[in-house]
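Here is the structure we will look at.
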Amino acid sequence: QVQLVESGGGLVQAGGSLRLSCAASGRGFSIRTMGWYSQAPGKQRELVAVIGSGGNTNYADSVKGRFTISRDNAKNTVYLQMNALKPEDTGIYYCNLAAAWGREYWGQGTQVTVSS
């Protein structure tokens, strides 16, 4: 069983920064990608950023140039540095881990609130 523990959410003013962390623990899993998704009130969960085992990254257009995803493979941890935050970035941010054999795991979510 894989567990994902997220941290780093909170309340920040527009233009501010936050850093999210997600640590994966467990046995018997081989990580393919780790990433972050966000879900705003009344909306579907959407991809924010994802990073592969080789370091390749993909971002939602809305966050390019403002957010940076990174990964510490030794610690099975993924980070999301969020700069120049906007009110529309508000939502619950979920950590995602895609493993071999099509297995997928989610964190419990961390709230990010950006005030105008």
Original post:
Of all residues in the stretch 49-103, which are of a type in the set (G, A, S), surrounded by 15 or more Cβ atoms within 10 Å (Cβ to Cβ) and assigned to a loop (DSSP other than H, G, I, E, B)?
Top reply: A60
**OP:** Give the stretch 27-48 a look and list any residue that's surrounded by 10 or more Cβ atoms within 10 Å (Cβ to Cβ) and either among the hydrophobic types (A, V, I, L, M, F, W, C) or part of a loop (DSSP other than H, G, I, E, B) (or both), or say none.
**Re:** F29, I31, M34, W36, A40, R45, L47, V48
Original post:
Of (1) more than 23 Å from A84 (Cα to Cα); (2) touching a Gly at 6+ places or on another chain (Cβ under 7 Å), I31 satisfies all except one. Which?
Top reply: (2)
Subject >> Inter-residue pairs, beta-carbon under 7 Å, first over 17 Å from S38 (Cα atoms) and in a strand (DSSP E or B) and in the stretch 8-26, second of a type in the set (S, T, Y) and open to solvent by 30 Å² or more (accessible area, probe 1.4 Å), 6+ apart >> reply: Q13/S115
Original post:
Of the residues in the stretch 72-108, how many are of a type in the set (A, V, I, L, M, F, W, C) and over 14 Å from V50 (Cβ atoms)?
Top reply: 7
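Just give me the residues in the stretch 84-116 being free of Cβ contacts under 8 Å to residues at least 12 places away in the same chain and either on the phi < 0 side of the Ramachandran plot or small (G, A, S) (or both), in sequence order. Full working, then the answer.
Start the filter on the stretch 84-116 by keeping residues that are free of Cβ contacts under 8 Å to residues at least 12 places away in the same chain, which leaves 101-102, 104.
Residues satisfying the conditions are G102, E104.
The values are calculated or read from the model by the stated rules, or taken from the named source; none is laboratory data. None of the values given here were measured: they were computed from a predicted structure. All Cβ positions, glycine included, derive from the backbone under ideal geometry; neighbour counts span all protein chains shown. All accessible areas refer to the heavy atoms of the entire protein, side chains included, with ligands and DNA or RNA removed. Shrake-Rupley method; radii C 1.70, N 1.55, O 1.52, S 1.80 Å.
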